[in-house]
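One structure is given here, and the rest of the page talks about it.
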């Protein structure tokens with residue numbers, strides 16, 4: 001309703017790879033409250049019944065590995081998941097997973113980083129086939145954006161090397177961040193800033209809508 005183009009749904013895990021302290025804390029809270037993959041899929045299915053907006057799940061590879069690729073992807077398909085972001089999916093294992101995901105109409109969204117070579121960006125974008133996720137910083141989510149000059153050079157390199165559209169995430173928290181990133185990419189991903197806002201919110205639904213509108217430059 002506020003204008004988000006897609007929704008990322010996190011899979012909480014006790015030992016996250018790239019999450020900053022804000023998302024780590026929210027994940028731990030969810031785990032303490034008994035969240036499971038089954039519950040998450042039920043929630044996704046409920047969300048899907050109310051909206052056609054793309055729903056993308058993001059999480060560590062280990063829980064998926066425990067479930068098994070086919071079982072997990074089949075549940076994604078029946079629940080209405082459109083895409084998957086797995087930051088720690090090894091590239092040498094990604095091809096088989098991506099082929100299987102695509103066969104079930106689930107878009108695998110692989111990550112690139114500032115230290116990813118041009119040849120590797122090309123390989124990753126081919127494997128993804130639909131969209132790739134450009135990490136704006138080397139490190140964990142929730143940090144400030146790299147100096148814009150260095151970031152622009154990196155994003156220009158991704159644009160030239162990638163066969164697919166790409167979005168930028170990690171460290172994006174304001175309308176200025178979103179506006180600047182959108183000049184050099186196909187979209188901005190905001191996670192930690194929304195969770196941080198929710199932690200302080202007395203009216204989470206209303207304030208989330210207002211925050212998304214602010215990020216998009218709407219009143």
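Just so you know, all these numbers are worked out from the coordinates, no wet-lab data involved. All values derive from a computational prediction rather than experimental measurement. No Cβ is skipped: glycine too gets one built from the backbone with ideal geometry, and neighbour counts run over all protein chains shown.
Observations on the structure shown:
- Mean Cα-pair separation over length for region 7-215, i.e. relative contact order, pairs under 8 Å, 6 or more apart, %: 16 percent
- Length released on extending from residue 78 to residue 9, taking residue separation times 0.36 nm less the Cα-Cα span: 23.2 nm
- With both labels modelled 7 Å from their Cα along Cα-to-Cβ, the residue 160 to residue 43 distance reads 4.2 nm.
- Taking other Cβ atoms within 10 Å as a rough exposure proxy, 128, 117, 161 sort from fewest to most as 117, 161, 128.
- Summed over qualifying helices (DSSP H, 4 residues or more, each -39500 (n - 2.57)) and divided by its residue number, the chain shows a 222 nm mean residue ellipticity of -15500 deg cm²/dmol.
- Gaussian network model of the chain, Cα within-10 Å springs - most flexible of 167, 205, 81: 205
- Separation in nanometres of the label points that stand 7 Å from Cα toward Cβ, at residue 52 and residue 102: 2.5 nm
- Gyration tensor (alpha-carbon) shape descriptor, region 7-215, a/c threshold 1.5: oblate
- P(r) of region 88-135 over all Cα-Cα pairs, binned every 10 Å from zero, in whole percent: 28, 59, 12, 0
- Fully extending the segment from residue 28 to residue 174 would add 50.0 nm, taking 0.36 nm per residue of separation and subtracting the current Cα-Cα distance.
- Applying 1/(1 + (r/R0)^6) with r as the Cβ-Cβ distance of residue 92 and residue 212 and R0 = 25 angstrom yields a FRET efficiency of 0.10.
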